[in-house]
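The values are calculated or read from the model by the stated rules, or taken from the named source; none is laboratory data. Keep in mind it's a predicted model, so treat the numbers as computed, not measured. Positions of Cβ are generated from backbone atoms using ideal geometry, with glycine treated the same way; all protein chains shown enter the neighbour counts.
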Amino acid sequence: MATLNPFMFRPGSSSLHCLDPRCKFFLVCMMSLAILNAGFPACFICLVILFFFLKQIRLPMGHTLKHLKYFILLLSLIILARGMAIPGNSLASFHGITISSQGLYQGALVALRFFLVMITGLLFSATTRSASLKNAAQWYLKPIPFVPEKRVAVMISLALGFLPLILQQAEETRNAIHSRCGNLEKNPVKRFTRLTLPLLKKTFLSADHLILAMEARCYGEDRTDPEFEPSGKETIFIIAVLGFWICSLFLESCI
């Protein structure tokens, strides 16, 4: 049986689950902008806050980090590349390649920022239904002229909804390959092909099944506009995010 992907929606009654999806869209954008300009002190504060919400929605950290292992590997490569590219005080040198402390510092900061943005998106996707994503996107796109907001909103919700499905299918395909000792193959091209081709086939078949299901239910764009039910905590969260942004700017100016 396939394990639950951390990017899939998890039913719950936490404060994030109850937030208006329009507010969550806004908060994700604000948090991402604040994180991209934050230094180490502000990033660590944000990390503690995000881990608190991960615990609140009962998302197991070990399970989550296991699914993010390739992303963490990419972040490690970013740190190493920055350490070799940025000049400064040498920490290690081999074959003419020097790793500087300033480069590692900058690389660690960039990697931490990317990690926080990833966790922010994970919290958003794990606490927001696909239908709520569509409704919020439609609400934001409606004032824009010459944009078919209903069609674009459906495309956005389907794209975000397919991401965890693709990740789950990749895990199932990988497990099937390992059960047939395919992980013993040393040729990287063959290993990549054996994983990619079945995954692409499953993805296209899933898309075809979804299209047939929508057509069978006479799905159309002319539907009743959604009704939103705010929880009353939206103002508190918006003030908190704005406060974090101001705090991060203050910490940067003091350093």
Out of 65, 116, I need the residue that is within 24 Å of residue 15 (Cβ to Cβ), touching a helix residue (DSSP H, G or I) at 6+ places or on another chain (Cβ under 8 Å) and buried (at least 20 other Cβ atoms within 10 Å of the Cβ). Which one?
116
Hey, any hits in the range 192-215 for a residue that's under 30 Å from residue 34 (Cβ atoms) and not assigned by TED's automatic domain parsing to the domain that holds residue 27?
no
Breaking point among (1) in contact with a Leu (Cβ under 8 Å, 6 or more places away or on another chain); (2) assigned to a helix (DSSP H, G or I); (3) farther than 30 Å from residue 41 by Cα, for residue 231:
(2)
Which of the numbered conditions does residue 98 fail, given that it passes all the others? Conditions: (1) part of a helix (DSSP H, G or I); (2) in contact (Cβ under 8 Å) with a residue 12 or more places away in the chain; (3) β-branched (Val, Ile, Thr).
(1)
Determine which member of the set 170, 176, 153, 207 is assigned to a helix (DSSP H, G or I) and touching a Leu at 6+ places or on another chain (Cβ under 6 Å).
170
State all residues of the range 85-109 that are touching a strand residue (DSSP E or B) at 6+ places or on another chain (Cβ under 8 Å), surrounded by 15 or more Cβ atoms within 10 Å (Cβ to Cβ) and not small (Gly, Ala, Ser); if no residue qualifies, say none.
86, 98, 99, 104
Members of the range 180-237 found to be among the aromatic types (Phe, Trp, Tyr) and either in contact with a His (Cβ under 7 Å, 6 or more places away or on another chain) or free of Cβ contacts under 8 Å to residues at least 40 places away in the same chain (or both), listed by number:
192, 204, 219
